[in-house]
Amino acid sequence: MKLKTIKIAVFAIWTVLWLNFLARDLFTKGGLSEYISLVSTDAEGKRAIVYGKKFYALLKLAKTRMAPLSSYGFRGIDDLSLDARRGIYYLYPYMKTENPDYVIACDVSGFGKEGFRRIAELDEGWFILKRE
């Protein structure tokens, strides 16, 4: 009987702590509004929230402007970053290579690469280059 009471007490304490951590993140850190917007939007909106609106818009533009089965590379994003992994995932079946056909520049002002021309642009610093 005593062991059962201890198990119930441990479970109750664990539940209270779990709810406290959940509520603290949702209410005190402003996560509730972000969670509501994430739940209430469609798949495109969810990707825009998770990827970042500008980065996602550039990836969508790149997917429409790149030739089928061409290669690409990123400029302005670290190769080991989460954004790079998200971009690679979204742009599949295009392949990321060291010597790409297209360069996707993210938040890079004044960047140019010899032998490439700008084919699309979101705004200054966010653009796509194509090998000539």
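Results, tabulated for the structure shown:
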| quantity | calculated |
| --- | --- |
| About the Cα centre, charge dipole magnitude for the chain (Lys/Arg +1, Asp/Glu -1 at Cβ), debye | 640 debye |
| C-alpha center-to-center spacing [region 1-70, region 84-100] in angstrom | 25 Å |
| MRE, 222 nm, helices only [DSSP H, n ≥ 4, -39500 (n - 2.57), over the chain, to nearest 500] | -15500 deg cm²/dmol |
| Compactness of region 1-45 as Cα Rg over 2.2 N^0.38 Å, two decimals | 1.80 |
| Cα-Cα over 21 Å, subset of K60/K130; K53/K113; K63/K130 | K53/K113 |
| Normalised contact order of the chain, rounded percent, pairs of Cα under 8 Å and 6 or more residues apart | 18 percent |
| Share antiparallel - DSSP beta bridges, the chain, percent rounded to 5 | 60 percent |
| C-alpha long axis of helix 82-91 to longest principal axis of the chain, angle in ° | 60 degrees |
| Charge dipole of the chain about the Cα centre (unit charges at C-beta), most positive-ward option of S71, I36, Y102 | I36 |
| The chain - Debye-derived log10 I(q)/I(0), Cα point model, q = 0.13, 0.17, 0.19 Å⁻¹ | -0.65, -0.90, -1.04 |
| Cβ-based exposure ranking for M66, M95, in which fewest neighbours within 10 Å come first | M95, M66 |
| Gaussian network model of the chain, Cα within-10 Å springs - most flexible of G31, G52, G73 | G31 |
| Fluctuation leader among L91, L69, L58 - the chain, Gaussian network, Cα springs under 10 angstrom | L69 |
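Values quoted throughout were computed directly from the atomic coordinates according to the rules given, and no laboratory measurement underlies them. As the structure is a prediction and not an experimental result, all values here were calculated from the model. We place every Cβ from the backbone using ideal geometry, glycine too, and count neighbours over all the protein chains shown.
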